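J.: Pasting a structure below so you can have a look.
The values are calculated or read from the model by the stated rules, or taken from the named source; none is laboratory data. Values in this document were obtained by computation on a predicted structure and should not be read as measured data. For neighbour counting, all protein chains shown are included, and Cβ atoms are generated from backbone atoms with ideal geometry for every residue, glycine included. The area values use the complete protein model at the heavy-atom level, side chains included, leaving out ligands, DNA and RNA. Shrake-Rupley method; radii C 1.70, N 1.55, O 1.52, S 1.80 Å.
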Amino acid sequence: QSALTQPASVSGSPGQSITISCTGSSSDFGGYNYVSWYQQHPGKAPKVMIYDVSYRPSGISNRFSGSKSGNTASLTISGLQAEDEADYYCSSYTSTSTLVFGTGTKVTVL
Amino acid sequence: EVQLVQSGAEVKKPGESLKISCKSSGYSFTSYSINWVRQTPGKGLEWMGRLDPSDSNTNYSPSFQGHVTMSADKSITTAYVQWSSLKASDTAIYYCARRVCNINCYFDYWGQGTLVTVSS
């Protein structure tokens with residue numbers, strides 16, 4: 001099973017907004033809205049930032065938002081901060097009852 | 001407080017067997033699936049499969065089916081993943097993660113990761 005496709009890297013200056021895309025097939029997303037996004041700092045375990053396409057867990061800044069259109073999900077980080085520099089992965093529940101991650105995106109704050 | 005605590009780093013030779021663990025605490029162990037995720041050095045995350053601790057039912061990624069076995073011991077709220085014959089390509093960090101899936105579905109708690117090094 002192939003990974004969902006994400007850009008390898010995205011960068012932005014502090015205060016700017018960036019968007020990370022996550023593209024797959026219709027079977028990758030399975031007709032569900034079970035798309036989630038994870039932030040991973042070096043040497044640390046991933047941390048959920050967005051679940052079910054656009055919901056934020058308690059404690060996650062409202063600078064993080066998610067959306068989905070067709071077979072592409074997106075994570076937007078607004079008001080970019082130095083602490084946002086990390087790797088980001090999307091994940092989706094598929095039509096075959098498995099899970100798939102994206103290829104990962106390195107976010108750099110310039 | 002929900003915690004998933006994994007066993008320590010391992011160094012093994014190709015062909016050897018290995019079993020690593022993920023000890024859960026702070027919640028009802030049988031109410032959530034435990035998933036295993038591989039991260040190879042400098043690369044991304046790969047979902048290996050899930051185990052339902054209530055009945056030990058498993059669902060493996062096709063990429064890992066037949067190469068790993070997931071299990072759990074409810075009496076000590078611990079999940080395991082094991083290999084019968086390791087390969088150098090199994091060198092990676094392995095994470096366990098609890099998946100909440102009621103109305104919403106996502107990994108809400110993760111273990112700290114177990115580094116497995118397979119080298120002759």
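J.: With a/c under 1.5 counting as rounded, go ahead and sort chain A into rounded, prolate or oblate using the C-alpha gyration tensor (a ≥ b ≥ c being the square roots of the eigenvalues; past the cut-off, prolate if a/b is larger than b/c, else oblate).
T.: prolate
J.: What number, in percent, do you get for the relative contact order of chain A if the mean sequence gap of Cα pairs under 8 Å and at least 6 apart is divided by its residue count?
T.: Taking the mean separation of contacting Cα pairs over the length of chain A, I get 39 percent.
J.: Given points 7 Å out from each Cα along the Cα-Cβ axis, report the B:Ser63 to A:Ser67 separation in nanometres with one decimal.
T.: Label at B:Ser63, label at A:Ser67, 2.9 nm between them.
J.: Right, here's the next one. Taking θ = phi - 60°, what integer Hz values does the Karplus form 6.51 cos²θ - 1.76 cosθ + 1.60 yield along the stretch B:29-38, in sequence order, with x for Gly and Pro?
T.: Along the stretch B:29-38, the couplings run 4, 7, 8, 9, 6, 10, 10, 10, 10, 9 Hz.
J.: HN-Hα J couplings of the stretch A:80-85 from phi, Karplus 6.51/-1.76/1.60, θ = phi - 60°, integer Hz, Gly and Pro as x?
T.: After applying 6.51 cos²θ - 1.76 cosθ + 1.60, I find 3, 10, 4, 5, 7, 5 Hz.
J.: While we're looking at this one, here's another question. By the scheme Lys and Arg +1, Asp and Glu -1, what is the net charge of all other residues having a beta-carbon under 11 Å from that of A:Ser78? If you can, show how the numbers build up before the last one.
T.: Numbers: positive: A:Arg63; negative: A:Asp84.
My count for the surroundings of A:Ser78 gives 0.
J.: Here's another thing I want to ask about it. Pop out the ³J(HN,Hα) list for the stretch A:68-75 in order, Karplus 6.51 cos²θ - 1.76 cosθ + 1.60 with θ = phi - 60°, rounded to Hz; leave Gly and Pro as x.
T.: 8, 9, x, 9, 10, 9, 9, 10
J.: On the accessible surface of chain B, probed at 1.4 Å, how many percent belong to carbon and sulfur atoms?
T.: 46 percent
J.: Related question: Nothing charged except the Cβ atoms of Lys and Arg (+1) and of Asp and Glu (-1): what's the magnitude of the dipole of the protein assembly as shown about its Cα centre? Round to the nearest 20 debye.
T.: The calculated dipole for the protein assembly as shown is roughly 160 debye.
J.: What's the local net charge at A:Ile20, with K and R +1, D and E -1, over the other residues with C-beta under 14 Å away?
T.: 0
J.: Using a Förster radius of 41 Å, what is the FRET efficiency between A:Thr108 and B:Val11 based on their Cβ-Cβ separation? Nearest 0.05, please.
T.: 0.80
J.: A further question on this structure: Relative contact order, percent, of the stretch B:1-51 when contacts are C-alpha pairs under 8 Å separated by at least 6 residues? Before the final figure, lay out the partial values.
T.: Details: 50 pairs, mean separation 15.6, N = 51.
Relative contact order of the stretch B:1-51: 31 percent.
J.: Measure up A:Lys44/B:Lys19; A:Lys106/B:Lys13; B:Lys13/B:Lys74; A:Lys47/B:Lys19 against 27 Å on the Cα-Cα distance and list the ones that go over.
T.: From A:Lys44/B:Lys19; A:Lys106/B:Lys13; B:Lys13/B:Lys74; A:Lys47/B:Lys19, over 27 Å: A:Lys106/B:Lys13; B:Lys13/B:Lys74.
J.: Still on this model: Taking a virtual spin label 7 Å from the Cα of B:Lys19 along the C-beta vector, which residues in the stretch B:80-101 bring their backbone nitrogen under 16 Å of it?
T.: B:80-86
J.: Once fully extended, how much extra length lies between B:Ser89 and B:Asp52, figured as 0.36 nm per residue of separation less the alpha-carbon to alpha-carbon distance?
T.: Working: separation 37, 0.36 × 37 = 13.32 nm, distance 2.69 nm.
Between B:Ser89 and B:Asp52, full extension yields an extra 10.6 nm.
J.: Go through the stretch A:1-31 and flag every residue whose accessible area shrinks by 40 Å² or more with all protein chains in place compared to the isolated chain (probe 1.4 Å).
T.: A:Gln1
J.: In whole percent, what relative contact order does chain B give with Cα contacts below 8 Å and a gap of six or more residues? The partial results should precede the final answer.
T.: Working: 298 pairs, mean separation 43.3, N = 120.
Here the relative contact order equals 36 percent.
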